[in-house]
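The values are calculated or read from the model by the stated rules, or taken from the named source; none is laboratory data. What you see is a predicted model; the values in this text were computed from it and never measured. Cβ atoms come from the backbone with ideal geometry, glycine included; neighbour counts cover every protein chain shown.
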Amino acid sequence: MSEFRITLRPALGSVTSIVSENIALTPLPEGHVVHVLGKPGDEALAKRLGSLSDGSAHAVRAAGPGQWFIVGNAAKSHADMTALFEALKPDAYGVDQSQGRVRMLASGPMVERMLAKGTAVDLSLTQFPLGHSTTSVIGHIAAHLTRVADDAFEIMVLRGFAESLWDDLAHMSAEFA
């Protein structure tokens, strides 16, 4: 019987970052993504999630009523993930999505205009402030958007759609690059 060894490869390992003075598109490290499921309206849980994250700015993102994502650039070990899941109980449950979701960063002074080509969400700073998150479509692909700086958005997508979304974003940013 042959031995089959699973090899983890970054979903966007073959892409080249796009960097110009107006727009930048960069794949983010495939660290950790945890989908937290709790009770809608549980503000105490929402505040407590920040202490369970790695402490980086905007590491906890709203994903819907009673749902959040905890994200970070460093991978979590099995023991760390188990400890996080235990810390969530009994108020919430976590689901490891680290291998199922891919994150990328779109930034630069023209990022709102570039993303406006693919989504109907009003991403202006007044309507979509720092730290705000939403799930929308970009083109035909469902994505989770988070404003992480005045001129930067983290885009999270299901792993199987990462390359297709990257290609779409590259085309959308071409006039600004």
**OP:** Just give me the residues in the stretch 6-40 being over 21 Å from the mean Cα position of the chain (by Cα) and surrounded by 10 or more Cβ atoms within 10 Å (Cβ to Cβ), in sequence order.
**Re:** Ser20, Glu21, Asn22, Lys39
Original post:
Do we find a residue being buried (at least 19 other Cβ atoms within 10 Å of the Cβ), over 17 Å from the mean Cα position of the chain (by Cα) and more than 17 Å from Ala174 (Cα to Cα) anywhere in the stretch 134-151?
Top reply: no
Subject >> Test for Lys47: is it surrounded by fewer than 12 Cβ atoms within 10 Å (Cβ to Cβ) and either free of Cβ contacts under 8 Å to residues at least 12 places away in the same chain or touching a strand residue (DSSP E or B) at 6+ places or on another chain (Cβ under 6 Å) (or both) >> reply: yes
Subject >> Qualifying residue in the stretch 41-60 (condition: assigned to a helix (DSSP H, G or I), modelled with pLDDT of 95 or more and out of contact with any Pro (no Cβ under 6 Å at 6 or more places or on another chain)) >> reply: no
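With the stretch 64-177 as the region, which helices (runs of 4 or more DSSP H) entirely inside it contain at least 1 residues that are in contact with a Lys or Arg (Cβ under 8 Å, 6 or more places away or on another chain) and among the hydrophobic types (A, V, I, L, M, F, W, C)? Can you show your working first?
Values: elements: 78-88, 111-116, 162-173.
It comes to 78-88, 162-173.
Would you point out which residue out of Leu88, Leu145 is of a type in the set (A, V, I, L, M) and either touching a residue at least 40 places away in the same chain (Cβ under 8 Å) or farther than 24 Å from Ala74 by Cα (or both)?
Details: Leu145 fails: either touching a residue at least 40 places away in the same chain (Cβ under 8 Å) or farther than 24 Å from Ala74 by Cα (or both).
Only one candidate passes the filter, namely Leu88.
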Original post:
Under 9 Å by Cβ, and 6 or more places apart or on different chains, what pairs join a residue from the stretch 18-31 that is within 12 Å of Val111 (Cβ to Cβ) with one that is assigned to a loop (DSSP other than H, G, I, E, B) and among the β-branched types (Val, Ile, Thr)?
Top reply: Leu25/Val15
Original post:
Glu3 fails exactly one of the following numbered conditions: (1) of a type outside the set (Ser, Thr, Tyr); (2) in a loop (DSSP other than H, G, I, E, B); (3) at pLDDT below 90; (4) surrounded by 15 or more Cβ atoms within 10 Å (Cβ to Cβ). What is the number of that condition?
Top reply: (4)
